[in-house]
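Here's the structure, in structure tokens; my notes come after.
The values are calculated or read from the model by the stated rules, or taken from the named source; none is laboratory data. No experiment lies behind these values; they were computed from the predicted model shown. So basically every Cβ, Gly included, is an ideal-geometry build from the backbone, and we count neighbours across all protein chains shown.
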Amino acid sequence: MNVNNNSNDLHGVVPIIPTPFDKNGEIDEEGIRRLVDFAISNGITAGCLPAYASEFYKLAEEEKLQVVRIAVSQSSGRMKVVAQSNHPALNIAIKLAQANVDAGADVISLAVPRMFDLPEDSIYEYLSEFMRSVSETPVLIQDFNPGGSSISVSLIRRLKDENPNFKYLKLEEPLAAQKFEEIINLTQGQVKLFEGWGGLYMMELIPLGIAGIMPGLGVSDILQRVFDLRVNNKNDQAFNLFEKVMPQIFFSLQNMELFHFIEKDLLVARGILQGSSVRKMAYKPDNATLSYIKELNERIVKLSRTL
């Protein structure tokens, strides 16, 4: 395994910090501060927001900047803040990214817009112009493409060669070990790879040399332990722990809105959040599902106490 754990780089578990809301659907600032402190208390060195798992697509542009400012303020240098700056309109994404840099974000993140199928030349133009707009700040590109594969290795090569601040890449797709290996060999560690999708594929990809994973915050301390065990070839221990947390992760990933509900419910169960409100429109579980969620999350709480 060839994982670079340079303290100046993102590495290990970089959880997505959810956006807590009050009962009226307004951002809960104190809730964000508690989430940041929870991450730091578990040895997490970087956190990302507002991403898909932060309900970024339900936030106004000023709210996206607001949650980054709160996280930067609360972390106070104790944890790197990765500021997601998503928008399908390039000029708006650039303005948000530059505002996040001014707010003190350590890394700027951008998800490839996937509302419609676009040729890679269009994606190249969008990503390249975005990275040039924050050329002094490290950038993490995320690609989650429900309709197909993520950006190609040839596009990654082109972006790397032309943009020195292209430092991180988060891909979320199954059966991608060969692609991950190609990218790692191609970039020779210059672009560090992260696995998303809740950490579902981490055990397959850690031996290839990925830099880390980007799961939900509620299980981040458990998955950090799994990651460390796997990196250090303590494979039986890693699998034993991973298998215990996997039912909760697998169930929650069936639907993104279901994930929001389960994640916040878990953080309430762990005593971090006071409420589990999800901004509407939201998934409303039936009674049987609610009962199963409670069972799954109670098992995670018990497991977390054994670490």
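Here's the yes/no breakdown for (1) assigned to a loop (DSSP other than H, G, I, E, B); (2) on the phi < 0 side of the Ramachandran plot; (3) more than 16 Å from the chain's Cα centre (by Cα); (4) not acidic (Asp, Glu):
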{"site": "THR19", "(1), (2), (3), (4)": "yes, yes, no, yes"}
{"site": "ILE32", "(1), (2), (3), (4)": "no, yes, no, yes"}
{"site": "ILE44", "(1), (2), (3), (4)": "yes, yes, no, yes"}
{"site": "GLY47", "(1), (2), (3), (4)": "no, yes, no, yes"}
{"site": "GLN74", "(1), (2), (3), (4)": "no, yes, yes, yes"}
{"site": "VAL81", "(1), (2), (3), (4)": "no, yes, no, yes"}
{"site": "PRO88", "(1), (2), (3), (4)": "yes, yes, yes, yes"}
{"site": "LYS95", "(1), (2), (3), (4)": "no, yes, yes, yes"}
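Just for strands (runs of 3 or more DSSP E) wholly inside the stretch 129-228: which have at least 3 residues that are over 22 Å from LEU96 (Cα atoms)?
It comes to 192-195.
Looking at SER291, SER277 in this structure, which one is of a type in the set (Gly, Ala, Ser), farther than 19 Å from TYR201 by Cβ, out of contact with any Cys (no Cβ under 6 Å at 6 or more places or on another chain) and assigned to a helix (DSSP H, G or I)?
Matching residue, one of SER291, SER277: SER291.
Could you list, ordered by first residue, the pairs with Cβ atoms under 8 Å in which the first is in the stretch 226-240 and surrounded by 15 or more Cβ atoms within 10 Å (Cβ to Cβ) and the second is basic (Lys, Arg), at least 6 apart or interchain?
Listed by first residue and then by second, the contacts come to ALA238/ARG230.
Looking at the structure I just gave you, is GLY25 out of contact with any Leu (no Cβ under 9 Å at 6 or more places or on another chain), touching a residue at least 12 places away in the same chain (Cβ under 8 Å), under 30 Å from ALA177 (Cα atoms) and surrounded by fewer than 17 Cβ atoms within 10 Å (Cβ to Cβ)?
no
Report, by residue number, each residue of the stretch 169-199 that is surrounded by fewer than 18 Cβ atoms within 10 Å (Cβ to Cβ) and either in contact with a Pro (Cβ under 6 Å, 6 or more places away or on another chain) or touching a residue at least 40 places away in the same chain (Cβ under 8 Å) (or both).
Hit for the stretch 169-199 is GLY189, nothing else.
From (1) more than 23 Å from PRO119 (Cα to Cα); (2) surrounded by 18 or more Cβ atoms within 10 Å (Cβ to Cβ); (3) at pLDDT 95 or above; (4) not hydroxyl-bearing (Ser, Thr, Tyr), pick out the condition that doesn't hold for GLN142.
Checking GLN142 against (1) more than 23 Å from PRO119 (Cα to Cα); (2) surrounded by 18 or more Cβ atoms within 10 Å (Cβ to Cβ); (3) at pLDDT 95 or above; (4) not hydroxyl-bearing (Ser, Thr, Tyr), the one that fails is (1).
Regarding LYS264, is this residue of a type outside the set (Phe, Trp, Tyr) and under 19 Å from the mean Cα position of the chain (by Cα)?
Criteria met by LYS264.
Being touching a helix residue (DSSP H, G or I) at 6+ places or on another chain (Cβ under 9 Å) and within 15 Å of ARG33 (Cα to Cα) is the filter here, so list the residues in the stretch 73-90 that pass it.
If the condition is that a residue be touching a helix residue (DSSP H, G or I) at 6+ places or on another chain (Cβ under 9 Å) and within 15 Å of ARG33 (Cα to Cα), then SER73, GLN74, SER75, ARG78, MET79, VAL81 are the ones that fit.
When residues of the stretch 289-307 are filtered for being surrounded by fewer than 17 Cβ atoms within 10 Å (Cβ to Cβ), within 26 Å of ASN24 (Cα to Cα) and not polar (S, T, N, Q), how many remain?
Final tally of qualifying residues: 2.
Within the stretch 225-240, can one find any residue that is at pLDDT below 95 and of a type outside the set (Val, Ile, Thr)?
No: the stretch 225-240 contains no residue that is at pLDDT below 95 and of a type outside the set (Val, Ile, Thr).
Can you find, within the stretch 97-125, the residue that is surrounded by the most Cβ atoms within 10 Å (Cβ to Cβ) among those that are within 13 Å of the chain's Cα centre (by Cα) and not polar (S, T, N, Q)? Step through it out loud before you land on a result.
First pass over the stretch 97-125, keeping only residues within 13 Å of the chain's Cα centre (by Cα): 107-111.
Applying the additional criterion that residues be not polar (S, T, N, Q) yields 107-108, 110-111.
Working: VAL107: 24, ILE108: 27, LEU110: 25, ALA111: 22.
Checked the stretch 97-125; the qualifying residue surrounded by the most Cβ atoms within 10 Å (Cβ to Cβ) is ILE108.
Are any of the residues in the stretch 213-224 at pLDDT 95 or above, of a type outside the set (A, V, I, L, M, F, W, C) and surrounded by fewer than 19 Cβ atoms within 10 Å (Cβ to Cβ)?
No.
List every residue pair whose Cβ atoms sit under 9 Å apart, with the two residues 6 or more apart in sequence or on different chains, where the first one lies in the stretch 272-290 and is closer than 12 Å to THR19 by Cβ and modelled with pLDDT of 95 or more and the second, anywhere, is crowded, with 16+ Cβ neighbours inside 10 Å and small (Gly, Ala, Ser).
Final answer for the pair search is LEU273/GLY31.
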